[in-house]
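The values are calculated or read from the model by the stated rules, or taken from the named source; none is laboratory data. Remember, predicted model here, so these are calculated numbers, not experimental data. All Cβ positions, glycine included, derive from the backbone under ideal geometry; neighbour counts span all protein chains shown.
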Amino acid sequence: MMHHAAIPTRVPIEIGICIANEQTSLAIDRQMLRRAVRLVLRNAGVRRARISLAVVEDVAMARLNWKYLRHRGPTDVLSFVLDESESALDGEVVVCAETAIRTAPKYGWSAHDELLLYVIHGTLHLVGHDDATDALRATMQRQEAALLQKLGIDLRVGMVKQPTPSTNY
């Protein structure tokens, strides 16, 4: 009698990404934003997820920033884990287009690349990364640079821009 080793069953990859473009300041590349979210999730080993990504204006971001952090004014990115289990992740990332437009020139790149950094940063928070200390922030920045490079965006050393710490909920 022949014995067959059990073939491990893998959870199928089921990642849903819903993008709500609630601003008119910056044309967005939905495909690139989806690629960025998927790349972060795949690198973290997440196989099942529902992620909502909202691109908003300053006024909406300032309202959310006050509601959840009690900080005045807009911020670059907020992320919220809505539900997390062993089998799936349900989360939301909110990024501010107007902040990206204002900030990008300081780092010598496009507002689209800046916005993509916010999406990556927020999604990294969803999968458990933290930037509460200098060491954690440095680790997160390295990860962001590597992910941007995989998307074809090269961050020069010393150019790493870090979204505002402590925007994860």
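When segment 110-125 is filtered for residues that are farther than 12 Å from ALA36 by Cβ and of a type in the set (A, V, I, L, M), only ALA111 remains. The test for being at pLDDT 95 or above and of a type outside the set (D, E, K, R) does not hold for VAL157. If you take the residues in segment 20-41 that are surrounded by fewer than 16 Cβ atoms within 10 Å (Cβ to Cβ) and either touching a strand residue (DSSP E or B) at 6+ places or on another chain (Cβ under 6 Å) or at pLDDT below 95 (or both), which one is farthest from VAL77 (Cα to Cα)? Step by step, filter segment 20-41, then rank; the result is ARG30.
Taken together, the residues in segment 104-124 that are surrounded by 19 or more Cβ atoms within 10 Å (Cβ to Cβ) and either without any contact (Cβ under 8 Å) to a residue 40 or more places away in the chain or outside any helix (DSSP H, G or I) (or both) amount to 2. Taking into account only those residues within segment 43-61 that are buried (at least 19 other Cβ atoms within 10 Å of the Cβ) and assigned to a helix (DSSP H, G or I), which is farthest from the chain's Cα centre (by Cα)? Going through the qualifying residues, I end up with ASP58. Would you tally the residues in segment 125-143 being surrounded by fewer than 24 Cβ atoms within 10 Å (Cβ to Cβ) and assigned to a helix (DSSP H, G or I)? Total satisfying the criteria: 10.
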